[in-house]
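Asker: Pasting in a structure now, in structure tokens, and then I'll have a few things to ask.
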Amino acid sequence: MAVIGIESSAHTFGVGIVEHGKVLANCKSMYKISDKGMIPSKVADFHSKNGWRVIKEALGVAGLRIEDIDAVGYTKGPGIGACLRTGQLAARAISVKYNLPIIPVNHAVAHVEITKHLSSTADPIALYVSGGNSQILALSDGDFKHYCVLGETFDIGVGNMVDVFARSAGLKPAWGSTVAKVAENGSYVPMPYTVKGMDFTFTGLLTYATKLIGKEKIEDIASSLQDTAFSMLCEATERALLLTKRSEILLCGGVAQSTRLKSMLESMASTHKAKVHVAPNEFNADNGGMIALVAEKMFGAGYRSGLDSANTDQHYRIDKVEIIW
Ligand code: FE2
């Protein structure tokens with residue numbers, strides 16, 4: 001069984017093809033973010049122009065024809081509405097033209113599941129960190145098997161926080177990786193630290209750091225901002241680890257590409273003899289492979305629904321999704 005998956009929740013239009021759990025292709029095109037950040041209509045235009053090319057590229061890499069595909073998955077949400085609709089429309093078009101089942105996938109579930117799949121872990125907790133989301137998750141069994149949100153950001157995602165700071169500081173390109181580079185030689189400046197149980201907030205930290213621009217060295221601000229935010233995530237994750245009595249942590253989502261966050265998390269985990277698992281960066285960034293993987297799992301577990309259910313939901317929460325496999 002081969003399944004194609006389309007990811008378009010933000011600036012990436014990704015197309016993956018999975019067959020029996022093996023990722024055969026994972027292609028993408030990325031919208032270049034300007035100093036103003038992401039303008040949804042412009043990103044959606046970019047996806048519309050490039051989407052079919054990426055779909056054809058993925059089929060070529062996988063060595064398959066569209067006629068060889070058994071089902072089509074796409075990102076239902078969460079994400080930017082205009083961007084989500086480009087992937088949804090592409091999936092609907094493929095579904096109608098080739099008479100294929102269509103499978104809506106939750107983006108957060110996909111991030112966790114691809115990391116779990118590639119790490120071969122049994123029952124971990126997950127720290128899911130990206131531009132739009134920051135959550136601590138654990139799978140709960142029962143009548144409605146789902147990912148429980150043990151803790152989460154009360155305002156913005158940690159990735160968005162770092163990106164907004166980078167733009168305010170005039171760092172180019174305005175990415176977390178640029179902030180990480182600048183932060184390498186920084187010294188600590190005290191900053192606001194907000195953790196409530198297993199929840200956290202980032203806007204106070206962002207405002208404070210932004211006001212320091214021009215008053216302190218940029219490397220000191222970048223380093224302190226990054227380490228304060230990551231310490232908050234580590235403290236909340238440590239609490240979740242002890243509460244759930246688990247011994248493995250999945251680090252997933254775009255910010256999982258941060259080597260600093262990974263090393264801080266590993267340092268915390270080692271004091272509890274716990275292991276941290278991270279996927280290769282190709283699968284931490286938004287990608288179609290993770291959507292295809294979950295679509296294949298859903299299809300294999302018997303998920304069947306028509307075009308009427310193939311909608312989008314900008315605020316599609318992970319804890320609303322039943323895990324049926
Ligand atoms: Fe993502």
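Asker: Could you please find all residues in segment 189-202 being under 22 Å from the mean Cα position of the chain (by Cα) and more than 21 Å from Asp220 (Cβ to Cβ)? Even if it seems obvious, please write down each step before you answer.
Answerer: Taking segment 189-202 first, the residues under 22 Å from the mean Cα position of the chain (by Cα) are 195, 198-202.
If the condition is that a residue be under 22 Å from the mean Cα position of the chain (by Cα) and more than 21 Å from Asp220 (Cβ to Cβ), then Val195, Met198, Asp199, Phe200, Thr201 are the ones that fit.
Asker: With segment 237-320 as the region, which helices (runs of 4 or more DSSP H) entirely inside it contain at least 1 residues that are within 16 Å of the ligand (Cβ to nearest atom), more than 26 Å from Ala82 (Cα to Cα) and in contact (Cβ under 8 Å) with a residue 40 or more places away in the chain? Please lay out each step first, then the result.
Answerer: Working: elements: 259-270, 281-284, 288-300.
Ranges flagged: 259-270.
Asker: Name the single residue that is least open to solvent (accessible area, probe 1.4 Å) among those in segment 1-33 being more than 16 Å from the ligand (Cβ to nearest atom) and part of a loop (DSSP other than H, G, I, E, B).
Answerer: The extreme case among them is Gly21.
Asker: Return only the number of the condition from (1) part of a helix (DSSP H, G or I); (2) among the hydrophobic types (A, V, I, L, M, F, W, C); (3) assigned by TED's automatic domain parsing to the domain that holds Ala90 that Ile103 does not satisfy.
Answerer: Checking Ile103 against (1) part of a helix (DSSP H, G or I); (2) among the hydrophobic types (A, V, I, L, M, F, W, C); (3) assigned by TED's automatic domain parsing to the domain that holds Ala90, the one that fails is (1).
Asker: Which residues, taken from segment 207-233, are in contact (Cβ under 8 Å) with a residue 24 or more places away in the chain, farther than 17 Å from Glu152 by Cβ and among the hydrophobic types (A, V, I, L, M, F, W, C)?
Answerer: Ala209, Ile213, Ile218, Ile221, Ala222, Leu225
Asker: Considering only segment 234-266, state which residues are more than 19 Å from Leu139 (Cα to Cα) and within 17 Å of the chain's Cα centre (by Cα).
Answerer: Gly254, Val255, Ala256, Gln257, Ser258, Thr259, Leu261, Lys262
Asker: Here's a follow-up. Condition first: touching an Asp or Glu at 6+ places or on another chain (Cβ under 9 Å), open to solvent by less than 10 Å² (accessible area, probe 1.4 Å) and more than 16 Å from the ligand (Cβ to nearest atom). Now tell me which residues in segment 76-103 satisfy that.
Answerer: Ile103
Asker: Kindly indicate the residue of segment 104-139 that is of a type in the set (Gly, Ala, Ser), farther than 16 Å from Ala279 by Cβ and open to solvent by 30 Å² or more (accessible area, probe 1.4 Å) and also farthest from the ligand (Cβ to nearest atom) among those meeting that condition. Step through it out loud before you land on a result.
Answerer: At the first step, the residues of segment 104-139 found to be of a type in the set (Gly, Ala, Ser) are 108, 110, 119-120, 122, 126, 130-132, 134, 138.
Next cut, farther than 16 Å from Ala279 by Cβ only: 122, 131-132, 134, 138.
From the residues that got through so far, the ones that are open to solvent by 30 Å² or more (accessible area, probe 1.4 Å) too are 122, 131-132.
Details: Ala122: 24, Gly131: 7, Gly132: 7 Å.
Applying the filter and picking the extreme gives Ala122.
Asker: Out of Thr259, Thr210, Thr271, Thr237, which single residue is of a type in the set (Val, Ile, Thr), open to solvent by 30 Å² or more (accessible area, probe 1.4 Å) and within 25 Å of Ile114 (Cβ to Cβ)? Break it down stepwise before answering.
Answerer: Details: Thr210 fails: within 25 Å of Ile114 (Cβ to Cβ); Thr271 fails: within 25 Å of Ile114 (Cβ to Cβ); Thr237 fails: open to solvent by 30 Å² or more (accessible area, probe 1.4 Å).
Selected residue: Thr259, the only one of Thr259, Thr210, Thr271, Thr237 that is of a type in the set (Val, Ile, Thr), open to solvent by 30 Å² or more (accessible area, probe 1.4 Å) and within 25 Å of Ile114 (Cβ to Cβ).
The values are calculated or read from the model by the stated rules, or taken from the named source; none is laboratory data. All values reported here derive from a predicted model rather than from experimental measurement. With ideal geometry, Cβ positions are generated from the backbone for all residues, glycine too; neighbour counts draw on all protein chains shown. All accessible areas refer to the heavy atoms of the entire protein, side chains included, with ligands and DNA or RNA removed. Shrake-Rupley method; radii C 1.70, N 1.55, O 1.52, S 1.80 Å.
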